[in-house]
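Data first, discussion second: the structure below is written as structure tokens.
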Amino acid sequence: MKTRRNCREWRELLGAFALGHLQGDERAGLEAHLDGCPECRAELAALQPVARMLPHADPERFESAPQPPAELGQRIAATIEGEKERQRTRRQRRRFSGFALGGAAAALATAVLLFFVFGGEEASPERQVEFASLPAGITIDATLEPHSYGTEIHMYVHGVESGTLCRVALRGPKGVTYPAGTFRYRWGDDSDAVLSSALDLSRTRAVVVHAGRQTFVAPVNPSVAAFNPGSEEEAT
């Protein structure tokens, strides 16, 4: 009885059969299968014109494969090194924020860093946002990047209970909240969660993170958003 598995196995031999390279028992078996399988006969019929044309192909007339630019390797290496430097800077900043920030100054601290886009000379408009006045052992920050669809968010959370569901949103003008997505924090995972929101970065006033029953807020434009950032218990 013909089965899908039979067809799959026989179809692997159709190319060799069309080129005349199949001999002996395999050829006899395939011919017997073709007698009772219209699907495989149709596939063989599609292969045969191609097989007939192959002997006329002239390899010397084939164009050579395009070569990458000579400086491509250097550009890739420079990009990788720049990303490593960026990660080192972020780790240093996180260590500093965990031990050096405190008091009233910490409640107002917001770092905005400009990075250069690879291949260009203009500074990137991305925003680096830090959360101040966090409980001991917890670190939260975010990188906001503008896009045509809204804002991309690289969210970093460390120190909350492993398995905690984190809900992220952007706060716009008049306190309207625009959801950006969720992720679960896993202990030991220091990678960024990549989320997105429909709110344009130019209209973003704050980043809001609900980590379990706690809510943390950090201003994006402190001069525009006048509120006290930090931690507040979510209403139940």
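The values are calculated or read from the model by the stated rules, or taken from the named source; none is laboratory data. As the structure is a prediction and not an experimental result, all values here were calculated from the model. FYI the Cβ positions are ideal-geometry reconstructions off the backbone, even for glycines, and counts take in every protein chain you see. These area figures cover heavy atoms from the full protein model, side chains too; ligands, DNA and RNA do not enter into them. Shrake-Rupley method; radii C 1.70, N 1.55, O 1.52, S 1.80 Å.
Just one of (1) open to solvent by 50 Å² or more (accessible area, probe 1.4 Å); (2) within 19 Å of the chain's Cα centre (by Cα); (3) at pLDDT 90 or above; (4) not small (Gly, Ala, Ser) fails for ASP200. It is (2). Selection of segment 126-135 for residues being outside any strand (DSSP E or B) and at pLDDT 90 or above yields PHE131, LEU134, PRO135. When segment 5-34 is filtered for residues that are assigned to a helix (DSSP H, G or I), without any contact (Cβ under 8 Å) to a residue 24 or more places away in the chain and open to solvent by 30 Å² or more (accessible area, probe 1.4 Å), the ones remaining, listed by number, are ARG5, ARG8, GLU9, ALA16, GLY24, ASP25, GLU26, ARG27, ALA28, GLU31, ALA32.
Here VAL157 meets the list (1) more than 24 Å from ARG86 (Cα to Cα); (2) touching a Phe, Trp or Tyr at 6+ places or on another chain (Cβ under 7 Å); (3) without any contact (Cβ under 8 Å) to a residue 60 or more places away in the chain almost entirely, failing just condition (1). Among helices (runs of 4 or more DSSP H) entirely within segment 35-111, having at least 3 residues that are modelled with pLDDT of 75 or more and open to solvent by 50 Å² or more (accessible area, probe 1.4 Å) singles out 38-53, 72-100.
In the set THR182, THR177, THR143, only one residue is under 17 Å from the mean Cα position of the chain (by Cα) and either open to solvent by 60 Å² or more (accessible area, probe 1.4 Å) or of a type in the set (Lys, Arg) (or both); that residue is THR182.
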